[in-house]
There are 2 protein chains.
Amino acid sequence: MKNQVNVGLLGFGTVGCGVYRILEKNQEELIQRTGYGIKIQKILVRDRDKKRDLQVDTELLTESVEDVTTNPEIDVVIEVMGGVEEAREYILSALNHHKHVVTANKDLLALYSGELLTTAANHDCDLYYEASVAGGIPIIRSLVGGLASDRITKMMGIVNGTTNYILTRMTKEGADYQEVLKDAQALGFAEADPSGDVEGLDAARKMVILSTLGFSMKFNLKDVQVQGISNISSEDIDYAGRLGYTIKLIGIAQKDEGRVEISVQPSLLPSDHPLSSVNNEFNAIYIYGESIGETMFYGPGAGQLPTATAVVSDLISVVQNMRMGVNGQSVVLPHNKTELKNDEDVYSKYFLRLYLKDEAGAFSKVSALFGNYHISIEKLIQQPLKEKGAAEIVMVTHQTNRAAFNQVLSELKGFDIVYDVISSYRIEGE
Amino acid sequence: MKNQVNVGLLGFGTVGCGVYRILEKNQEELIQRTGYGIKIQKILVRDRDKKRDLQVDTELLTESVEDVTTNPEIDVVIEVMGGVEEAREYILSALNHHKHVVTANKDLLALYSGELLTTAANHDCDLYYEASVAGGIPIIRSLVGGLASDRITKMMGIVNGTTNYILTRMTKEGADYQEVLKDAQALGFAEADPSGDVEGLDAARKMVILSTLGFSMKFNLKDVQVQGISNISSEDIDYAGRLGYTIKLIGIAQKDEGRVEISVQPSLLPSDHPLSSVNNEFNAIYIYGESIGETMFYGPGAGQLPTATAVVSDLISVVQNMRMGVNGQSVVLPHNKTELKNDEDVYSKYFLRLYLKDEAGAFSKVSALFGNYHISIEKLIQQPLKEKGAAEIVMVTHQTNRAAFNQVLSELKGFDIVYDVISSYRIEGE
């Protein structure tokens, strides 16, 4: 029996360098934990001659993917290059060459987890992906293991660090979205093209991964209703605060009687709700189970070392499986039929802000409309809006279904007494 | 290959009945997850004829432990009877008869984990104990798995639900300890003899289990400095609140340069610290790692179904290991040499409350004493104490070591200008 495991890295950016550093620094502990030495054998890069902060033996670097995915000396391939199509092709090649795979790639997992897991299982290979959701938080492992005996009913949380950073600063400083976004880009918390984060797509991918595991059903990105944070104004945040709420980008996956709702949207949470105090780039996820009640996981959602820690922990599991000769046996494929809820079955409270003409009977028309859809109003603020000779209305509804609320929104936009529907948000956590 | 796993239960109290219920209710999911049916074969009880809320086939019940621990039909023994010596003897017997064991018994683990794990490993048997710490929170699994690649530097949290329930009510209602304790006993949140909980011993046991795993060193209960909550007054809580702190019973395990401090004590946390808002019977544990930074786990610390969920999740792991033929291979024994810190090396801030004679120079004597030990004072409240013609002093120190602070405490008690040292608490989380 050999006593060394050889690893190939696909990609050598931030997370790749983090993995390299942890493997180098913790070599001794890794031997204690796994009984094997772990050695990086090859690293796929775009340009071998590029200057790098982290100095490594140039013999390790290659520009040819075959040196990694088909290299007979390599046992485990770690994919940290990002992107979808290339990464998919390379991982499939690695699995087809009987290499175990660890990946941090949520974009890929959200789209192709079925194909990848099936391929892994067919070749008795492991495919681990803890780092794909909420970086440093061992949430995948908890769903697969610690909560395995329970029936998960709901998962809800903050799963995107960039948007949480932006919303935290908007809330604390009363600053505008555009202003904070620019700052976040300068600080490296947001990308040059921030749309994947701020429009909610990144969070949606993570909710697909969590839902697939938690409910053991197949989901696609199109099953997620997604709304981003780019239209949130400092006025919205201010009004929410006055009503006792904090605005967060919240991912929700909820199952009732076998049918599931998955969504990502800016939501109002009571300011004393634990998720309201999850700030900056941190992530936190609530899991609700029939037996366990509620449990919550909090930690860094991204960052070089937290993400690399998750990757290396997966690698340790792979190596332990190698020692025991049981690779590929922990792959779990979804075994329930996917059933989605209709808008009629998704209930929540809503926050709504609109500008109304300041004329007799205007508000009673609005409230009659709510009445038609059996939506009752819990809180209301009305105040004059000087610039327009109009009234600003902010309201919080009681529980209603999404179909009814959307219908009210659309009819309001057609009313001649309504200048503008400024914003509306779901309310959660009460 | 057989397709059914037979389980024996030692004990049929609250948690045992919970395990029975979950196994019955989730039989179908268990088959999907493990490929085996799981059947309870025998249940050890003290009295077969006792009336029970949960009706089970009386053929399952036995008063003879051999029917469980040496029964050739039984594959896995679940120990949920509690207590130490009997439970130890029965578990050893089960392991010696090649049965895998799942236990929820923290008292036992804190004392005998070395012996039990070694016996398990020698017989290629599994020994799982997730439920022994923080009931529903999959913290053991996270330490063994998700954080395996990191070096844990600190673990800190609320690991006893009874004391947290009492402190929460004292804080929210301004109520006295004795009054709330009585109520907690009536409601079943505290036992008739509450000393194990309120004197911090239960929390200390859990910190021993966490530290053994997190630092991979052997520890004993006597390595933990323990202080309970029974001397906390509503005045202390009130003063803490005025200074911006909340009092919680906090377990701390911290490693610096290879040496460890483990303690359990009522501690002041900043009121906006996430642990300050962990209320009632909930538990929460922060884990700090060199790479991951901080991560936190929150959930129900006890209760029938949360604890039973952890037990059944362990059972699923055992059954999956059986399917793969790798039982006993995930047992991890401590591999670092145990080294404990001295009091000189344990640093924190402190809260101190005392009654001082109202005479010239009294306070300057006190502050000179602090100066002698290089302890500087960050916050101070002084006010007259009508009943005694004395002054009440409440102070918060800067960082100091435990040896110096204890020395100051002992000298203060000898000062003729000091009527009484009322209370002192460690301050954490700043």
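At a probe radius of 1.4 Å, what is the per-residue accessible area of B:Glu24, in Å² to the nearest 10?
Taking all protein chains as shown, B:Glu24 has close to 120 Å².
Are there DSSP H segments in chain B that both extend 24 Å or more along their axis (alpha-carbon positions) and score a mean Kyte-Doolittle hydropathy of at least -1.0? List them, or say none.
Flagged H segments are B:304-324.
Sorted by accessible area (1.4 Å probe), largest first, how do B:Asp314, B:Asp223 line up? Before the final figure, lay out each step's value.
On the way: B:Asp314 5, B:Asp223 25 Å².
Result of the area sort, largest leading: B:Asp223, B:Asp314.
Using amide H atoms built 1.01 Å from N in the peptide plane, name the residues 5+ places from A:Ile38, or on other chains, whose amide H lies under 5 Å from its own.
Long-range HN contacts for A:Ile38: A:Val5.
If you roll a 1.4 Å probe over segment B:345-427 with all protein chains in place, what percent of the accessible area is carbon or sulfur? List each step's numbers first, then the result.
On the way: 1840 of 3900 Å².
The value for segment B:345-427 is 47 percent carbon and sulfur by accessible area.
For B:His398, B:His100, write out the residues from largest to smallest accessible area, computed with a 1.4 angstrom probe and no ligands counted. Show your work: numbers first, answer last.
On the way: B:His398 75, B:His100 20 Å².
So the residues, ranked largest to smallest area, are B:His398, B:His100.
At 0.36 nm per residue, minus the direct Cα-Cα distance, what do B:Asn406 and B:Asp256 gain on full extension? Give it in nm, one decimal, please.
Working: separation 150, 0.36 × 150 = 54.00 nm, distance 2.12 nm.
Extra length available between B:Asn406 and B:Asp256 comes to 51.9 nm.
Within segment B:374-417, find all residues whose amide N lies under 18 Å from a label point positioned 7 Å from the Cα of B:Asp358 along Cα-to-beta-carbon.
Inside the label zone: B:381-394, B:417.
Roughly how crowded by other chains is peptide B:304-316, in terms of the mean Cβ count from those chains within 10 Å of each of its Cβ atoms? Please list the in-between numbers first.
Working: counts 1, 6, 7, 2, 4, 12, 6, 1, 4, 9, 4, 2, 5.
Mean partner-chain Cβ count within 10 Å for B:304-316: 5.
Can you list, shortest first in nanometers, how far A:Glu86 lies from the same residue in the other copies, with each label 7 Å from Cα toward Cβ?
Spacings between copies for this position, smallest first, are 6.6 nm.
Solvent-accessible area per residue for chain A at a 1.4 Å probe radius, Å²?
Working: 17050 Å² over 430 residues.
Computed with neighbouring chains in place, this is 40 Å² per residue.
Need one number: buried accessible surface between chains A and B, 1.4 Å probe, both sides summed, DNA, RNA and ligands left out, in Å² to 100.
Values: alone 19070 and 19070 Å², together 34090 Å².
The summed interface area works out to 4100 Å².
So the label point sits 7 Å from Cα along the Cα-to-Cβ vector; using that for A:Glu387, what distances do you get to the other copies, in nanometres, sorted shortest first?
Values, ascending and in nm: 6.2.
Between B:Asn160, B:Asn26, B:Asn71, which gets the highest mean-square fluctuation from a Gaussian network model of chain B, Cα cutoff 10 Å?
In the Gaussian network model the winner is B:Asn26.
Over all directions, how big on average is the projection of the convex hull of the alpha-carbon atoms in segment A:346-427, in square nanometres?
Working: hull surface 19.0 nm².
Average projection, Cα convex hull of segment A:346-427: 4.7 nm².
Let me confirm one metric for peptide A:344-352, namely the mean number of other chain beta-carbon atoms within 10 Å of its residues' beta-carbons. Please list the in-between numbers first.
Working: counts 0, 0, 0, 0, 0, 0, 0, 0, 0.
Taking the mean over all residues of the peptide, I get 0.
Can you give the FRET efficiency for A:Ile381 and A:Asp343, using 1/(1 + (r/R0)^6), R0 = 41 Å, r = Cβ-Cβ distance, to the nearest 0.05? Before the final figure, lay out each step's value.
Values: r = 27 Å, r/R0 = 0.66.
So, using R0 = 41 Å, E works out to roughly 0.90.
To the nearest whole number, what is the average tally of beta carbon atoms from other chains within 10 Å of the beta carbons of peptide A:74-80? Please list the in-between numbers first.
Details: counts 0, 0, 0, 0, 0, 0, 0.
Average neighbour count from other chains, rounded to a whole number: 0.
Between B:His374 and A:Glu115, what is the label-point separation in nm under the 7 Å Cα-to-beta-carbon projection?
6.5
So for chain A, averaging the separation of alpha carbon pairs under 8 Å that are six or more residues apart and normalising by length, what relative contact order in percent results? Mind dumping the intermediate values first?
Numbers: 874 pairs, mean separation 71.0, N = 430.
Relative CO of chain A lands at 17 percent.
How far apart, in nm, are two points set 7 Å out from the Cα along the Cα-to-Cβ line at A:Glu59 and at A:Glu235?
With each label placed 7 Å out from Cα toward Cβ, I get 6.7 nm.
Ranked from highest to lowest mean number of other Cβ atoms within 10 Å per residue, what is the order of the peptides B:302-308, A:258-264? Before the final figure, lay out each step's value.
On the way: B:302-308: 23.9, A:258-264: 20.9.
Top of the packing list down: B:302-308, A:258-264.
Counting each DSSP H run of 4 or more residues in chain A as -39500 (n - 2.57), what helix-only mean residue ellipticity at 222 nm follows after dividing by all residues, to the nearest 500 deg cm²/dmol? Walk me through the numbers before you get to the answer.
Values: 13 runs with 149 residues, N = 430.
One gets -10500 deg cm²/dmol as the mean residue ellipticity at 222 nm.
So for segment A:139-300, what percent of the C-alpha to C-alpha distances run longer than 22 Å?
Numbers: 5352 of 13041 pairs.
Value for segment A:139-300 (Cα pairs over 22 Å): 41 percent.
Carbon and sulfur: what percent of segment A:139-300's accessible surface (1.4 Å probe)? If you can, show how the numbers build up before the last one.
Numbers: 2400 of 5370 Å².
Carbon and sulfur atoms account for 45 percent of the accessible area of segment A:139-300.
As a test of reading the structure, rank A:Asp53, A:Asp238, A:Asp345 by solvent-accessible area (1.4 Å probe, protein chains only), most first. Don't jump to the answer; show the numbers that get you there.
Working: A:Asp53 160, A:Asp238 85, A:Asp345 55 Å².
Descending order: A:Asp53, A:Asp238, A:Asp345.
Over all directions, how big on average is the projection of the convex hull of the alpha-carbon atoms in chain A, in square nanometres?
Details: hull surface 89.5 nm².
Reported value for the Cα convex hull: 22.4 nm².
Going 7 Å from Cα along the Cα-Cβ axis for the label, what nanometre distances separate B:Asn406 from the same residue across the other copies?
6.6
Kindly state, to the nearest 0.05, the FRET efficiency for A:Gln185 paired with A:Lys50, given R0 = 35 Å and r defined as their beta-carbon distance.
Working: r = 23 Å, r/R0 = 0.66.
E(calc), rounded to 0.05, equals 0.95.
Say each of A:Asn280 and A:His398 gets a label point 7 Å from the Cα, pointing the same way as Cα to Cβ; how far apart are those two points in nm?
Rounded to a tenth, the inter-label distance reads 4.3 nm.
By what distance, in whole Å, do the Cα atoms of the protein assembly as shown stretch along each of the three principal axes, largest value first?
Principal extents (Cα only, largest first): 80, 78, 69 Å.
The values are calculated or read from the model by the stated rules, or taken from the named source; none is laboratory data. Because the structure is predicted, anything quoted here is derived from the model rather than measured. Positions of Cβ are generated from backbone atoms using ideal geometry, with glycine treated the same way; all protein chains shown enter the neighbour counts. Just the protein is used for accessible areas: all its heavy atoms, side chains included, with ligands, DNA and RNA removed. Shrake-Rupley method; radii C 1.70, N 1.55, O 1.52, S 1.80 Å.
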